[in-house]
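First the structure, in the form of structure tokens, and then the observations on it.
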């Protein structure tokens, strides 16, 4: 748990097809998913990446959405290692709602 008493969770969404513009990324195909966590939980996300043998150079430390892109075989390893399958769309919706609630409380 973090300092707010919130459980630290690593999430993974469903595999889907994406348009791949980066030539270097094309070698992995166009089907992948995301492995992510709530902002502030990046250390646990990187620990999960280590457990499933992801290279940390693939970490995308985007504000509000720290994540890795995963191919199907790595997704299976992540779920086996404890990542929680979650709809990314639902997570974003819930995150916006929580952010709005916190803002109105201050």
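Could you please let me know if residue 31 is modelled with pLDDT under 85, surrounded by 11 or more Cβ atoms within 10 Å (Cβ to Cβ) and more than 17 Å from residue 86 (Cβ to Cβ)?
Values: modelled with pLDDT under 85: yes; surrounded by 11 or more Cβ atoms within 10 Å (Cβ to Cβ): yes; more than 17 Å from residue 86 (Cβ to Cβ): yes.
Yes, satisfied.
For region 1-28: of the residues being assigned to a loop (DSSP other than H, G, I, E, B) and modelled with pLDDT of 85 or more, which is surrounded by the most Cβ atoms within 10 Å (Cβ to Cβ)?
Among those residues, the one meeting the criterion is 13.
Hey, can you tell me all the residues within region 43-96 that are assigned to a helix (DSSP H, G or I), more than 17 Å from residue 15 (Cβ to Cβ) and in contact with a strand residue (DSSP E or B) (Cβ under 7 Å, 6 or more places away or on another chain)? Show your work before the answer.
Start the filter on region 43-96 by keeping residues that are assigned to a helix (DSSP H, G or I), which leaves 43-51, 56-58, 72-80, 88-96.
From what's left, more than 17 Å from residue 15 (Cβ to Cβ): 43-51, 56-57, 92-96.
Residues satisfying the conditions are 44, 45, 48, 49.
Can you run down the residue pairs with Cβ atoms below 8 Å, 6 or more apart or on separate chains, where the first is in region 30-45 and in contact (Cβ under 8 Å) with a residue 24 or more places away in the chain and on the phi > 0 side of the Ramachandran plot and the partner is in a loop (DSSP other than H, G, I, E, B) and exposed (fewer than 13 other Cβ atoms within 10 Å of the Cβ)?
From residues that are in contact (Cβ under 8 Å) with a residue 24 or more places away in the chain and on the phi > 0 side of the Ramachandran plot, the pairs are 40/2.
The values are calculated or read from the model by the stated rules, or taken from the named source; none is laboratory data. As the structure is a computational prediction, the values presented were derived from the model and not from experiment. Glycine gets a Cβ as well: all are built from the backbone with ideal geometry, and neighbour counts include every protein chain shown.
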